[in-house]
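The values are calculated or read from the model by the stated rules, or taken from the named source; none is laboratory data. Quantities reported herein were computed from a predicted structural model and do not represent experimental measurements. FYI the Cβ positions are ideal-geometry reconstructions off the backbone, even for glycines, and counts take in every protein chain you see.
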Amino acid sequence: MQVSQLFYYPVKSLGSVSVQSMRVTDWGPHRDRRMMLVDANGKFVTQRQCHLMSLIRVEDSGHQIRFILGERYFDLPWPDFAATGGDSLAVTVWDDTVAARSVSKAADAWFSDVMQRDVRLVLVGEETLRQVDLTYARQGDKTGFSDGFPFLLISEASLLALQSHLPFELSMTRFRPNLVVSGCEPFAEDRWRRIAINGIEFEIVKPCSRCVIPTLNPVDGVKQPEVMKVLLEHRKQGNQVFVGQNVIHRAEGEIAVGMSVEVLESI
């Protein structure tokens, strides 16, 4: 087995950036979901509420991020996450209240205009600890503005198994993983408990429950209910459907496409 794809998401629920190598930091994937959009009440805004977000592409030059929607774009220099000062506010991600800082009034104006709703771009700084749920994690494990965990892992075989039940292409980006693995059986990741990549150990701690986002066509943002029908038929447990696994890293370092994946523990 090996790593076949790597992704990170500079802004929660916007487009992915595909990379050949990834730095694993104490936060998880470097620069992954350290920013997000919130409404006037500081509540997170995602593709669940605004399907148009699925169409906003993201390019990262290393020094700045370009957000693209059709012919329109906005360039944002990468903010300094270690800086202090500026506008601070409390924001909510699911049940968590997180101390955040405003990023840019120009960014607020651009996103509010293209999304046709009042939004604000915020970041989580180095001084903030958003503790991962202690039901699954250790004290001090943290994440940015992800739904709850620093990494999401899916195998290529799992996507192909779902694809086989659909008449149209099911892109991996619909499921928003960080780590994609090839060379295993479909849904083999459901049985893994610990893996290692380049000497970095990862704990597989919780299946990822799925909402409407994988049903959104990345070409036009239109909902395709056939996807949820397949998930309900093949991946339903109780009242939820699960695809992929939430993962916590146990060291920092570098991982890259092509690196071998070793299963240390499984059930």
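Below, the figures for the structure above:
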| read-out | value |
| --- | --- |
| Residue satisfying all of: in the stretch 197-219; closer than 20 Å to Val241 by Cα and assigned to a strand (DSSP E or B); modelled with the lowest pLDDT among these | Leu216 |
| Candidates Glu156, Glu71 - the one that is within 24 Å of Ser18 (Cα to Cα), in contact with a strand residue (DSSP E or B) (Cβ under 8 Å, 6 or more places away or on another chain) and surrounded by fewer than 19 Cβ atoms within 10 Å (Cβ to Cβ) | Glu156 |
| Boolean, Leu76 is part of a helix (DSSP H, G or I), surrounded by 14 or more Cβ atoms within 10 Å (Cβ to Cβ) and in contact with a helix residue (DSSP H, G or I) (Cβ under 7 Å, 6 or more places away or on another chain) | no |
| Residue satisfying all of: in the stretch 79-109; part of a loop (DSSP other than H, G, I, E, B) and charged (D, E, K, R); farthest from the chain's Cα centre (by Cα) among these | Asp87 |
| Any chance Ile197 is touching a Gly at 6+ places or on another chain (Cβ under 8 Å) and buried (at least 16 other Cβ atoms within 10 Å of the Cβ) | no |
| Matching residues in the stretch 227-267 - criterion: being in contact (Cβ under 8 Å) with a residue 60 or more places away in the chain, surrounded by fewer than 14 Cβ atoms within 10 Å (Cβ to Cβ) and not in a strand (DSSP E or B) | Glu233, Ala251, Glu252, Gly258, Ile267 |
| Number of the exception - Glu262 against (1) over 25 Å from Cys184 (Cβ atoms); (2) modelled with pLDDT of 95 or more | (1) |
| Failed criterion for Trp94 (all others in (1) touching a residue at least 12 places away in the same chain (Cβ under 8 Å); (2) aromatic (Phe, Trp, Tyr); (3) surrounded by 13 or more Cβ atoms within 10 Å (Cβ to Cβ) hold) | (3) |
| Unmet requirement for Lys142, which otherwise passes all of (1) surrounded by fewer than 16 Cβ atoms within 10 Å (Cβ to Cβ); (2) touching a Gly at 6+ places or on another chain (Cβ under 9 Å); (3) closer than 30 Å to Arg101 by Cβ; (4) not acidic (Asp, Glu) | (1) |
| Positions within the stretch 21-35 being closer than 18 Å to Pro177 by Cβ and aliphatic (A, V, I, L, M), in sequence order | Met22, Val24 |
| Of residues in the stretch 150-171 being outside any helix (DSSP H, G or I) and closer than 15 Å to Phe242 by Cα, the one nearest to the chain's Cα centre (by Cα) | Leu152 |
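Let's see how each residue does on (1) modelled with pLDDT of 95 or more; (2) in contact with a Lys or Arg (Cβ under 6 Å, 6 or more places away or on another chain); (3) more than 17 Å from Phe7 (Cβ to Cβ); (4) among the aromatic types (Phe, Trp, Tyr):
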site: Leu179; (1), (2), (3), (4): yes, no, no, no
site: Pro186; (1), (2), (3), (4): yes, no, yes, no
site: Trp192; (1), (2), (3), (4): yes, no, yes, yes
site: Ile195; (1), (2), (3), (4): yes, no, yes, no
site: Gly221; (1), (2), (3), (4): no, no, yes, no
site: Glu226; (1), (2), (3), (4): yes, no, yes, no
